[in-house]
Amino acid sequence: MSKPDYVEIIEEIFHKYREKKTRDFKYIGKKIVRWDAIDKVLGEPIFTADLLKYIKNPVFVYSVRTEYAHAKIKSIDVSNAEKYPGVLNVLTAKDIPGVNDVGYVIPDQPLIADRKVRYIGDTIALIIAESYENAVDASDYVSVDYEPLEVILDPLKIVEWNGLEEKPHTLIHDERGSDVLSRYKIRVGDPKKVFNEAPVIVENEYRTPMQEHAYLEPEAAIALPEPGDAVTIYAKTQCPFDTRKAVAQVLGLPFNKVRVIAPALGGGFGGAEDVGNEVAAKAALAALITKRPAVVLFTREESFIGHSKRHSMIARYKHAASRDGRLLGIEAEIILDTGAYASLGPFVGWRAIVHSTGPYRVENAWIDLAVVYTNKVYAGAFRGFGNPQVTFAVERQMDLLAEELGMDPVEFRLKNILRNGDRTVHGQLLDHGVGLEEAIKKAVEASGWFEKRRRYNLEKDVYRRGIGIAVFYHGNSIGAEGADYSSASIIIQRDGSIILRSGVTDMGQGSIQSLINILAETLGVPPSYIRVEPADTSTVPDSGPTVASRVTVMTGNAVLVAAYKLRNRLNKLAAEMLGCEPEDIVIEAPNVYCRDDPENSITWQELVEQSFWKGIPLQEFGYYRAPPAEWDEETGRGSPYFTYTFGAIVSEVEVDLETGVTRVLEAVTVYDIGRVVNLIGAELHAIGGYIQGMGYALMEDLYYDDQGRVYNTNLSTYHIPTAKDIPKEIKAYFVEAGYYHGPYGAKGLGEPSIVGIAPSIANAIAHALGGKVNRDINKIPLTPDTLYMIIKKHNLIK
Amino acid sequence: MKVRFILNNREVEVDVDPREILLDTLRYRFGLKSVKRGCERGECGTCTVLINDKPVYSCMVLTVQVEGQRITTVEGLVNDDLFKKIIVSFAEKGAIQCGFCTPGFILTAYALYRIKDKPSIEDILKALEGNLCRCTGYKKIVDALTSIRS
């Protein structure tokens, strides 16, 4: 079977430019001011809630949430709330015209709770009122008769070690008959034999917290009723096409009656994936019932309990190695807590198992993973998507092993990492750019690793310094999770300006700038010629979800395919106009000329105008379908992702033994992203991902009381890093090992940029505190009180 | 209650409920969308405005408290030279991602530079401490601000 033309185009471009240095491109990899910078610095009304400015006579929708983490609903009485001044309607589950469900992967999450509530945050009624204040005040008058059930917050009450069998307990999802959401495994080689014979074995238990995205824009949606029972919704959503599907289902409408537009998002990080569907559905429901514009605005506190979190993890890892430092096998049991609902839990669990052995040659592995329900806030997508959790455990294990073997952590890793021509634990042959070794060497050199590692060993001061490394890999795009396609359309207007349309959103990550750079480079026009249309399900092609570090590589490929076709047509016409061969045409808009005769040029606008006269179409649709991914459920063998981003991070810390306070002094991050397409964007990910990862390592966790209520639901109690917490220096370097199925060789960086941060910091802290503490650095966040207890336990300070 | 104040160099008068916060007055009554609602508890800094040239969280101020005061938002600074220098440095140094926090950072930086020509890194970090950013990791914001030290 011959390859699809889009695959051939991407490969052709890759090979044509393979040897060309990034510095020799005009726009690829250059520092280009992002397309929306000026709107953003001037505070233009570009976010969902800003659009209220243009809305007349809206109604406000407020979610009444339960105070019980686990209870049966015996009855609901909303009659008093309905009589409250300014209230128009009070909706409960029975008022939903379509299917009462907004579950992202499986239908387990009602939009409005019907039979039971499963965490403190479940919506039990929607109040629609003339003002937001009316709606909030009326919520006191909704009365519910509950039958409280056992509240389960500890995943070890759902499953037990040594097989992760489900224990008897009060079922949270009784309708499913089990509170184990999904299970995955890897069975490779003969780990039992290896562990019986291995000279060196280390084992430990690891815990990682439930992390909050803490994007600065709280959730918002505005729905406008349209003729014919249709509805248009502006919503904070990463994935407008998924939102459309969810809203259509709740309303019982066909897709073509639901139009979803995603304005600029004030941060997403994965969190705006499923809650976007929920707020859009709530607003749309109210708009269709009242026939007025309907507004949903979350407060910060609602945002904290109203959207998904990073899955917390408890894992037991056992590694075997030979005396000379060869990794022989891994056994592990991993439990991910998905809270009250599945959200993206099944996919998070799958990504976690795929990456559960780290970027190493592993020939023997026996790994079990279970994603379980509890009565906590539900967990879903968050930058890294299961990989930061397992990488924390794996990279701590690698340091324990290195210590046990008396080896330097870098030397030990270099002995075991994946290189070109190696196979992953799943048996996948890495037949192209694996830049991990180069990344490690660069990070070691730039950080002064060996010298500092030695010097800090000798410190006796009350401020102890340490230096740590972590390495990782991260599968690009969604792999075997689902249909992995993307598309984009490009329309050159008659005045020469260009419209770029795609279904991907900008939540700040900036990958749309990558699309602009690819388009500008390929056509030969400055980025200022290009206008990016917002993602609008009625006017843009479905590009798949804006998740999984897939925009630069997947949508970038779609843009490249379309731009390549347009460029070929333009070259042919220009060749006729100028009298040379199409391949000799140079476009440096506004000038177009033959390579050998730059003096004799026509303008870009003339070329575009001539295309209209000659009947040469100047719009093009680009499509790209990822290479197929494979996964064997029984063994974990296959090719789960078509390519991987690799990285090495070195962190340097100082721990105050008297307080347990850790400061990160310096950091070096090196990522192999194939080709740097958007330099500022890549640097921002390296730095922003680092700081978010530093929060994960040192300060961020959600704390619950025993009834399942979150204590810290705002930004004064849930601490994220401030400007005063950042290291003096974060050096960001890139390795460009090249990926032949990526645009100009590029791979993704959005998610990978958080994966290795926490373990690099934890490894640095372990180094600072010295060998005997090593095993106790097994849980994050390493808050001052946690560290101080460890310091006291080991008598590091009198 | 009737309140009169100077908003972006223009004298204005509004009739507000005594409980109304300045953030709501600016967003809803004057349509100033650079002033963002992030937490309404004085934690995040996205609603920062200048009151008599000092950066203040507008969610923590009742509108009736600003009687006779001078309020400035980025909309009121578009022709100001220092402001232009700051926004150009933000754009060129790549100090912007989602942009939700950006106007707040810019006003805080503007207030700092009005009183100090050459702030130290410590001055800059101290000034920015009350504005949260979840995307950029702050580094490029600090770089942008150090690049304009005269």
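Every read-out reported here was derived from the displayed coordinates using simple, explicitly stated rules and does not represent laboratory data. From a predicted model like this one, the values you see are computed outputs, not experimental measurements. Don't worry about glycine lacking a Cβ; one is built from the backbone with ideal geometry, like all the others, and counts go over all protein chains shown.
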For this session: Kindly provide the Kirkwood hydrodynamic radius of the stretch A:129-226 in Å, to one decimal, from all pairs of distinct alpha carbon atoms.
Result: 20.3
For this session: Using label points projected 7 Å from each Cα along Cα→Cβ, tell me how many nm separate residue A:789 and residue A:538, to one decimal.
Result: 5.6
Exercise. Between the stretch A:32-52 and the stretch A:460-522, how many Å separate their Cα centres?
Worked result: 19
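Scanning chain A for helices, which whole DSSP H stretches are 30 Å or more long along the axis (Cα) and average -0.5 or more by Kyte-Doolittle?
Helices meeting the criterion: A:556-578.
Please quote Rg/Rh for the stretch A:460-530 to two decimal places, taking the Kirkwood radius as Rh and restricting both calculations to Cα atoms.
1.27
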Problem set entry | With Cα atoms, 0 to 90° folded angle of helix B:81-93 axis to chain B main axis | 50
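So what is the 222 nm mean residue ellipticity for chain B from helices alone, if each DSSP H run of at least 4 adds -39500 (n - 2.57) and you divide by all residues, rounding to the nearest 500 deg cm²/dmol?
Details: 4 runs with 44 residues, N = 150.
Here the helix-only value at 222 nm equals -9000 deg cm²/dmol.
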Exercise. How large is log10 I(q)/I(0) at q = 0.08, 0.10, 0.11 Å⁻¹ when the Debye formula is applied to the Cα atoms of chain A, each weighted equally and without solvent?
Worked result: -0.69, -1.06, -1.24
Seminar exercise, completed: Diffing the stretch A:732-747: the Karplus 3J(HN,Hα) column from phi (6.51, -1.76, 1.60, θ = phi - 60°), in whole Hz with x for Gly and Pro, holds 10, 10, 10, 9, 10, 7, x, 10, 6, 9, x, x, 6, x, 7, 10
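For the stretch B:2-74, what does the relative contact order come out to in percent, with C-alpha contacts under 8 Å and a separation of six or more?
Numbers: 135 pairs, mean separation 29.4, N = 73.
The normalised contact order for the stretch B:2-74 reaches 40 percent.
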For this session: Take every DSSP beta bridge with both residues inside the protein assembly as shown and express the antiparallel ones as a percent of the total, to the nearest 5.
Result: 80
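Roughly what % antiparallel, to the nearest 5, for the DSSP beta bridges in the stretch A:482-533?
Working: 5 of 8 bridges.
If we restrict to bridges inside the stretch A:482-533, about 60 percent are antiparallel.
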For this session: Take the alpha-carbon centre of the stretch B:32-108, take the same for the stretch A:339-392, and report the distance between them in whole Å.
Result: 40
For this session: Determine Rg/Rh for chain B; Rg is computed over alpha-carbon atoms and Rh is the Kirkwood hydrodynamic estimate from the same atoms.
Result: 0.97
Problem set entry | Pairs from A:21/B:93; B:54/B:139; A:452/A:772; A:724/B:116; A:157/A:309; A:56/B:93 whose Cα-Cα separation, in the structure shown, is over 27 Å | A:56/B:93
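Normalising by the residue count of chain A, find the relative contact order in percent from Cα pairs under 8 Å and 6+ residues apart. Could the numbers behind the result be given before it?
Details: 2008 pairs, mean separation 129.3, N = 798.
Rounded, it is 16 percent for chain A.
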For this session: Any chance you could check the Cα centroid distance between the stretch A:634-663 and the stretch A:397-434 for me, in angstrom?
Result: 14
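Can you give the FRET efficiency for residue A:136 and residue A:106, using 1/(1 + (r/R0)^6), R0 = 30 Å, r = Cβ-Cβ distance, to the nearest 0.05? Working shown, then result.
Numbers: r = 32 Å, r/R0 = 1.08.
The calculated FRET efficiency here is 0.40.
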Exercise. If all Cα-Cα distances of the stretch B:2-74 are sorted into 10 Å bins from 0 onward, what percent lands in each bin, rounded to whole numbers?
Worked result: 23, 61, 16
Seminar exercise, completed: The simple spin-label model distance between residue A:606 and residue A:591, using points 7 Å out along Cα→Cβ, in nm, is 1.3
Exercise. Non-local amide H neighbours of residue A:88 (under 5 Å, H modeled in plane, Pro and chain starts lacking H): which ones?
Worked result: A:128, A:129, A:130
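Tally Lys/Arg at +1 and Asp/Glu at -1 over every other residue whose Cβ is under 9 Å from the Cβ of residue A:715; what's the total?
Its environment carries a net charge of +1.
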Problem set entry | Ratio Rg/Rh, restricted to the stretch B:77-147 and using Cα atoms, in which Rh is the Kirkwood radius | 0.91
Seminar exercise, completed: Per the 1/(1 + (r/R0)^6) rule, R0 = 35 Å and r from the Cβ atoms of residue A:174 and residue A:201, FRET efficiency to 0.05 is 0.30
Seminar exercise, completed: Here the gain from full extension of residue A:57 to residue A:429, 0.36 nm per residue of separation minus their alpha-carbon distance, amounts to 127.9 nm
Seminar exercise, completed: Karplus-derived 3J(HN,Hα) from phi for the stretch A:131-145 (6.51 cos²θ - 1.76 cosθ + 1.60, θ = phi - 60°), whole Hz, x at Gly and Pro, runs 9, 4, 4, 4, 5, 5, 4, 5, 4, 5, 9, 8, 10, 10, 9
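Ranking A:741, A:169, A:319, A:311 by Cβ neighbours within 10 Å, fewest first, what do you get? Intermediate results must be reported in sequence, preceding the final value.
Values: A:741 21, A:169 12, A:319 27, A:311 32.
The order, fewest Cβ neighbours first, is A:169, A:741, A:319, A:311.
Using only DSSP helix segments of four residues or longer, with each worth -39500 (n - 2.57), what per-residue ellipticity at 222 nm results for chain A after dividing by its residue count and rounding to 500?
Values: 20 runs with 224 residues, N = 798.
Computed ellipticity for chain A at 222 nm equals -8500 deg cm²/dmol.
Write down, largest first, the equivalent ellipsoid semi-axes of the stretch A:177-240 in whole Å, where each equals the square root of 5 times an eigenvalue of the alpha-carbon gyration tensor. Could you put the intermediate results ahead of the total?
Values: eigenvalues 522, 69, 26 Å².
Here the semi-axes work out to 51, 19, 11 Å.
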Problem set entry | For the stretch A:198-215, Karplus couplings with θ = phi - 60° (6.51, -1.76, 1.60), whole Hz, Gly/Pro x | 5, x, 10, 10, 10, 9, 6, 10, 10, 9, 10, x, 7, 9, 9, 5, 6, 5
Problem set entry | Chain lengthening between residue A:728 and residue A:145 when straightened (0.36 nm per residue, less Cα-Cα) | 204.3 nm
Exercise. What is the spin-label model distance, in nm, from residue A:2 to residue A:495 if the labels are put 7 Å beyond Cα along the C-beta direction?
Worked result: 4.2
For this session: Pull the list of chain A cysteines that no other Cys approaches to under 4.7 Å, Cβ to Cβ.
Result: A:239
